[in-house]
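Take a look at the structure set out below.
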Amino acid sequence: MILSEHQLRVNFANRLSDLRRAAGMTQLELAQKLNYSDKSISKWERAEGVPDLYVAHQIADIFEVSVDYLLSDKPFRKPIFSRNKLIITLLSMAAPWLLATALNWILGIFFPSLPLWRLYIYAIPVTAIIALVFSCIWWKKIWRFLSVSAIIWSVPTCVFTSFTTRENAFIYIVAAVVQVMAVMGFLIKKQKSPPKIEENEK
């Protein structure tokens, strides 16, 4: 069955709106990823227009679907890509704790007097680094900030617990300064290139 242009616009509008909401993404966030204005996204979701093929392909990549799916009138099913990303992230973050537990058990047999509880302290910054990597790939800026904050405070904690002297307490002062810098960096909005304007918007 060959669909009319109007029906294709309606299908695309409904599919785009459903996918965007399922991903927890605002029109502005999607527009920024595409380097378009949020007015364009709003127009597409009102079935008042459709993007060109290149942008449609970009949208399909963002939501991990095919272009055909964007134009389909089949019942919408919430994609599982967010759940898969969450599962992969959590499994990766669990790896340092599994390793720490294995080392704690093995080394505890041969070196029972060692303070092996520190292995779990060392696992914290490793976990935070893994979280930072995945947040840079998949998640929003707030998760990158939280991951960086975890690194800022867990690394000094590792040093402090390994070398417990009064002089080492100053590293927390350094951590506090770095944390303030991280907050300032988080609050500074990255300058974006001006959005594209479609011909019929001029």
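Suppose R0 equals 25 Å; then what is the FRET efficiency for S42 and W138 from their Cβ-Cβ distance, rounded to the nearest 0.05? Efficiency for this residue pair is about 0.50.
Rounded to the nearest 20 debye, the dipole size of the chain about its Cα centre is 440 debye, using +1 on the Cβ of Lys and Arg and -1 on the Cβ of Asp and Glu. Would you check the chain for Lys pairs whose C-alpha atoms are within less than 19 Å, ignoring same-chain pairs closer than 8 in sequence, and give me the count? Qualifying lysine pairs in the chain: 21. Could you work out the local net charge near A60, counting Lys and Arg as +1, Asp and Glu as -1, over the other residues with Cβ closer than 11 Å to its Cβ? Here the count lands on -2.
When Y36, Y69, Y122 are compared by accessible area at a 1.4 angstrom probe, the order from most to least is Y122, Y69, Y36.
Per-residue 3J(HN,Hα) values for segment 56-72, derived from phi via the Karplus relation 6.51 cos²θ - 1.76 cosθ + 1.60 with θ = phi - 60°, read 4, 5, 4, 4, 4, 5, 4, 9, 6, 10, 8, 5, 4, 5, 5, 9, 6 Hz in sequence order (x marks Gly and Pro).
If I histogram all Cα-Cα distances within the chain using bins 5 Å wide from 0, what percent of pairs lands in each bin? Going from the shortest bin to the longest, the percentages are 1, 6, 11, 13, 12, 11, 10, 8, 7, 6, 5, 4, 3, 1, 1, 0. Measuring nothing but how far apart in sequence close Cα pairs (under 8 Å, 6+ apart) lie, relative to its length, segment 1-142 scores a relative contact order of 22 percent.
Each of A176, V126, A47 was placed along the dipole of the chain (beta-carbon charges, centred on the mean Cα), and the one lying farthest toward the positive end is A176. For segment 97-110, 3J(HN,Hα) computed residue by residue from phi via the Karplus equation (6.51, -1.76, 1.60; θ = phi - 60°) reads 6, 5, 5, 4, 5, 5, 5, 4, 6, 5, 5, x, 6, 9 Hz, glycine and proline entered as x.
Under a point-charge model restricted to the Cβ atoms of Lys and Arg (+1) and Asp and Glu (-1), what is the dipole moment magnitude of segment 12-51 relative to its Cα centre, in debye to the nearest 20?
On the way: 7 positive and 5 negative charges, 6 e Å.
Roughly 20 debye, rounded to the nearest 20.
Using a probe of 1.4 Å on the protein chains alone, the accessible area found for I137 is around 110 Å². Can you give the FRET efficiency for I188 and W105, using 1/(1 + (r/R0)^6), R0 = 41 Å, r = Cβ-Cβ distance, to the nearest 0.05? Efficiency at R0 = 41 Å is approximately 0.35. Take the Cα of A94, step 7 Å toward its Cβ, do the same at T157, and the gap between the two points is 2.1 nm.
Karplus-based coupling profile of segment 40-54, in residue order and whole Hz: 5, 4, 4, 5, 5, 6, 8, 6, 9, x, 9, x, 6, 4, 5, with θ = phi - 60° in 6.51 cos²θ - 1.76 cosθ + 1.60 and x standing for Gly or Pro. Applying 1/(1 + (r/R0)^6) with R0 = 25 Å to the Cβ-Cβ distance of V174 and I121 gives a FRET efficiency near 0.85. Close amide H partners of Y36, meaning residues 5 or more places away or on another chain with modelled amide H under 5 Å apart, are K196.
Assuming 0.36 nm per residue, please report the length gained on full extension of the stretch R21 to R83 beyond their Cα-Cα distance. Can you show the working numbers first?
On the way: separation 62, 0.36 × 62 = 22.32 nm, distance 1.45 nm.
Working it through step by step, the gained length comes to 20.9 nm.
Please list W153, W105 in order of solvent-accessible area, largest first, computed with a 1.4 Å probe with all protein chains present.
Greatest to least solvent exposure: W105, W153.
The values are calculated or read from the model by the stated rules, or taken from the named source; none is laboratory data. Predicted model, so just to flag it, every value in this text is computed and none were measured. Counting neighbours? That spans all protein chains shown, and the Cβs are built from the backbone with ideal geometry, glycine included. The protein model used for the area step is the full one, side chains on, heavy atoms only, and it has no ligands, DNA or RNA in it. Shrake-Rupley method; radii C 1.70, N 1.55, O 1.52, S 1.80 Å.
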